[in-house]
Amino acid sequence: MRQLELRRHARRDPDADRLSAEGRAQAEDLGRTADAIYDVVFVSPAQRTAETAAWILRGAGVQLPDHSVIPGLAGKDASGGSPEGMAAGVRALLDLVPDGGRGLAISHTPFVERAGWGLSGREMEPFAECEGFVVTQHDDGSLVVEELRLGGGTGLA
């Protein structure tokens with residue numbers, strides 16, 4: 001089994017490609033409450049996604065594991081970020097997560113929702129900052145997608 005958590009970045013500065021002070025606190029708070037250890041981290045090319053990952057890890061009190069910048073997390077793939085293209089990209093990232101491990105990927109709206117749709121076969125309501133889903137790949141290859149909503153609500157697919 002392996003898992004990949006795909007989340008939208010934290011609140012951004014409206015004037016630049018970086019997090020606002022509120023966004024940094026939001027991501028750090030999420031890290032404090034996270035019960036997951038990440039074996040690998042993936043971010044889009046946007047600075048705000050790398051900052052989100054860094055503040056989540058800071059809040060969790062852990063060092064940055066192996067990490068990569070993935071253009072497809074910004075919808076920069078051959079499909080232009082279609083649900084199918086985003087799902088294929090997430091499956092490829094899931095293959096990079098060690099067996100028994102968990103990865104963290106930070107992306108953007110609407111690409112997080114599109115990836116969830118492509119993986120689960122159902123449209124997802126827009127995610128707020130730091131929300132997303134976790135996809136679990138079981139040893140038999142089956143996938144389970146569970147939404148991660150900050151208000152405590154989850155949905156299984």
Here D for the range 21-60, in µm²/s, from Stokes-Einstein with a Kirkwood Rh over Cα pairs at 20 °C and 1.002 mPa s, works out to 212
Can you list the DSSP H helices in the chain whose Cα atoms extend at least 18 Å along the helix axis and whose mean Kyte-Doolittle hydropathy is -1.0 or higher?
47-60
Calculate one ³J(HN,Hα) per residue across the range 34-39 by plugging θ = phi - 60° into the Karplus curve 6.51 cos²θ - 1.76 cosθ + 1.60, and present them in order as whole Hz with x for glycine and proline.
5, 10, 10, 9, 9, 8
Checked the chain against the a/c 1.5 cut and the a/b vs b/c comparison, axes a ≥ b ≥ c from its Cα gyration tensor; verdict rounded
If you count only protein heavy atoms with a 1.4 Å probe, what accessible area per residue comes out for the chain, rounded to a whole Å²?
48
Amide H partners (placed H, <5 Å) of His67, local residues excluded
Val41
Only Lys, Arg, Asp and Glu count, each charged at its Cβ (+1, +1, -1, -1), so figure out the dipole size of the chain about its Cα centre, rounded to 20 debye.
280
Express the carbon and sulfur contribution to the solvent-accessible surface of the range 1-140 as a percent, rounded to the nearest whole number, probe 1.4 angstrom.
49
Kirkwood hydrodynamic radius of the range 1-94, Cα pairs, Å
13.8
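The values are calculated or read from the model by the stated rules, or taken from the named source; none is laboratory data. All values derive from a computational prediction rather than experimental measurement. For neighbour counting, all protein chains shown are included, and Cβ atoms are generated from backbone atoms with ideal geometry for every residue, glycine included. Ligands, DNA and RNA are stripped out before the accessible areas are found, and what is left, the full protein with its side chains, is counted by its heavy atoms. Shrake-Rupley method; radii C 1.70, N 1.55, O 1.52, S 1.80 Å.
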